[in-house]
Every structure is written in C-alpha cells, then in structure tokens.
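Structure first, then comments.
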Amino acid sequence: MDIGLQFEVIYKAEDLIQVRVFAWNGAFGGTADIYVGIGRLEEIAAELEGFPASVSDGREIKLGALGPKAAGGVEMRFYCTDASGHAYVECKIDSGSLSVEPVQSVTLSLPIEAAAVDSFVDELRLLGVRKSGLARLEGAPGRVAHPRGGFTP
C-alpha cells in the first residue's frame, strides 16, 4: 500500500459497525479493528470537513479506546506545521487486548494535502451511509513524516 490512512468496514450489525483502521507512512504502520456506532463515520466526516481552514487549524478524532484493557482504538491529530500550510495527521493506533496476541501500538505522522482530506471526507460519508467499502486518505506524494511530530493526547 502507498502511504495513507484507510478505514474499511469489516462487519455490520443493526446498531454498530466494525471498522479496520490501517495507516502506513512508508516507515511505520499499524492496524486496529474498532467498533463504532451507526452515524459515527458521518460525524467524523463533519469534524474533518474543510481542514485545514488556516495554518493554526487543528482537529482531533478518537475512535475506540487505547490501553492494555481496551478493545483497540485510534487517535488522530490533524495539524499544520508551518505558514505554508503543510499538513499532517498524527495517528496513534492500538491493536487492543481482545485477542490472545499481545497488544501492539504505533504512533506515526503522515503528510497530507487539503484536497486529499476533502476526498477522504466524502468517502467517509459514503462509508457511513452504505456501511460497507472503504475510505482512504492518501499521503502527500514526495513528503516524509514530520520529524517534530509528537503525539499529545
């Protein structure tokens, strides 16, 4: 997979869906399967719409829960690094403890562009409505993970 962030519906029920979240920045990657309520993907799309509105714009999205006694989760922080509006999403992904495998986690920074966020927002809305398929946030071509990144909960 090229660099990016991907949400894929892998299970659906009447009141929830299970989403596989996958991120890869060319050096680090992670995945987690997370249960979300119906309508949550559309809420995330609304929260991300228009990012970045300015160079000081920052957005935080949380799905599931992180930690050794949690079922898995992802925390994403969308931010700009400079006056030119270079944008990144910092992802902290936790595999969860519901399997016999040990909990694994990763924190990575992914360079992104505004147009890619717009496409991702549209795909998230469709994913939420259809409750099947995938939504993908393409990483910015030719850019690498930001060295000053640092996850702040």
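Can you list which of the trypsin sites (Lys or Arg not before Pro) found in segment 1-78 are DSSP loop residues with at most 10 other C-beta atoms within 10 Å? Please list the in-between numbers first.
Working: sites: 12, 20, 40, 59, 62, 69, 77; in loops: 69.
Here the trypsin sites (Lys or Arg not before Pro) that fit, given the DSSP loop and packing criteria, are 69.
Any idea what the dipole of the chain comes to, in debye rounded to 20, about its Cα centre with Lys/Arg Cβ at +1 and Asp/Glu Cβ at -1?
Using Cβ point charges on Lys, Arg, Asp and Glu, the chain gives about 280 debye.
Evaluate the relative contact order of the chain (contact order divided by residue number), counting alpha-carbon pairs under 8 angstrom at least 6 apart; express in whole percent.
Across the chain, relative contact order equals 26 percent.
Roughly to the nearest percent, how much of the accessible area of the chain is carbon and sulfur, given a 1.4 Å probe?
Percent of accessible area from carbon and sulfur atoms in the chain: 52.
Report Rg/Rh for segment 1-86, rounded to two decimals, where Rg is the Cα radius of gyration and Rh the Kirkwood radius.
On the Cα set of segment 1-86, Rg over Rh gives 1.00.
Hey, which lysines would be in cross-link range of residue 131, C-alpha to C-alpha under 22 Å, not counting anything within fewer than 8 residues on its own chain?
12, 62
Answer with a single label: of (1) 19.6; (2) 10.1; (3) 8.8, which was calculated as mean projected area of the Cα convex hull in nm² from the structure in view?
(3)
Calculate how steeply helix 114-130 sits against the longest principal axis of the alpha-carbon atoms of the chain, using the helix alpha-carbon long axis, and give the answer as 0 to 90 degrees to the nearest 10.
20 degrees
Calculated from DSSP H runs of 4 or more alone, at -39500 (n - 2.57) each and per residue, what is the 222 nm mean residue ellipticity of the chain, nearest 500?
Only helices count here, giving -5500 deg cm²/dmol.
Quick check for you: with a 1.4 Å probe and neighbouring chains kept, what is the accessible area per residue of segment 1-120, in Å²? All intermediate terms of the calculation are to be shown ahead of the outcome.
Numbers: 5750 Å² over 120 residues.
For segment 1-120, the solvent-accessible area averages 48 Å² per residue.
If you plug each phi of segment 136-142 into the Karplus form 6.51 cos²θ - 1.76 cosθ + 1.60 with θ = phi - 60°, what whole-Hz ³J(HN,Hα) values come out, in order, with x for Gly and Pro?
3J(HN,Hα) across segment 136-142, in whole Hz: 10, 9, 6, x, 5, x, x.
The values are calculated or read from the model by the stated rules, or taken from the named source; none is laboratory data. These numbers were taken from a predicted model, which means no experiment stands behind them. Heads up, the Cβs are rebuilt from the backbone with ideal geometry, glycines too, and the neighbour counts pull from every protein chain shown. Quick note on the areas: whole protein, heavy atoms, side chains included, nothing else; ligands and nucleic acids left out. Shrake-Rupley method; radii C 1.70, N 1.55, O 1.52, S 1.80 Å.
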